[in-house]
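Report on the following structure.
Readers should treat all values here as calculations from the given coordinates under stated rules, not as data from a laboratory. Only a predicted model underlies this, so the values are computations on that prediction, with no experimental measurement involved. Cβ coordinates were reconstructed from backbone atoms using ideal geometry, including for glycine residues, and neighbour counts include every protein chain displayed.
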């Protein structure tokens, strides 16, 4: 039986997670956030005080992990963990490990309705044959403002110019990295999430609604 998969790709702070949650709830799908896997590895690296540029030590660390949890945790959203995750996400062996973990999670799941998965290379690399592919686009200034507010709401210190600088740098790294760069996946629908979320919802309802009504 073919498992229905909806992929959601896009740059940092584009609202992929919020969109994925909406899609999962509306169409009764299981939400899988690929970024959580990178963040959990980053959290372990931080706790063990491993230098994120020490590839050899990180490779040894990963080789000792059979399966990593996809459960979310507020501590994983900190800027420190985000920065470490951004560094290790450039390593091919880390990406290969995370991709395997995602497929393993889906394989072991009892969910029959399907999955919505968000990340940076989900539709372009991990699940190329997904039922529907989405790419979320948002102006970098809007993304920086949203991230700034998110950190403030979490009780973290946040300076907007620095957040904007960090996101621009992350965009550059994501789009130029050798392994699985951020691109618009072939056959993906580009969704603009710059305005009110209700506008984005309307776009999603049209795109996904046609597929759901015809396939499910």
For this session: Starting from the Cα-Cα distance between residue 69 and residue 156, subtract it from 0.36 nm times their residue separation and give me the gain in nm to one decimal.
Result: 28.8 nm
Seminar exercise, completed: Most fluctuating of 186, 79, 90 in the GNM of the chain (C-alpha, under 10 Å) is 186
Exercise. When the Kirkwood hydrodynamic radius is evaluated over all pairs of different C-alpha atoms of region 100-183, what value in angstrom, to one decimal, is obtained?
Worked result: 15.3 Å
Seminar exercise, completed: Listed residues 103, 21, 133; largest mean-square fluctuation, Gaussian network over the chain with Cα springs below 10 Å, found at 103
Exercise. What residues from region 89-128 fall in the zone where the backbone N is under 13 Å from a label point 7 Å along the Cα-to-C-beta line of residue 183?
Worked result: 121-126, 128
Problem set entry | Given [x] -0.35, -0.52, -0.61, -1.35; [y] -0.27, -0.43, -0.52, -1.57; [z] -0.38, -0.57, -0.66, -1.33, the label whose value is log10 I(q)/I(0) by the Debye sum over Cα atoms at q = 0.08, 0.10, 0.11, 0.19 Å⁻¹ derived from this model | [y]
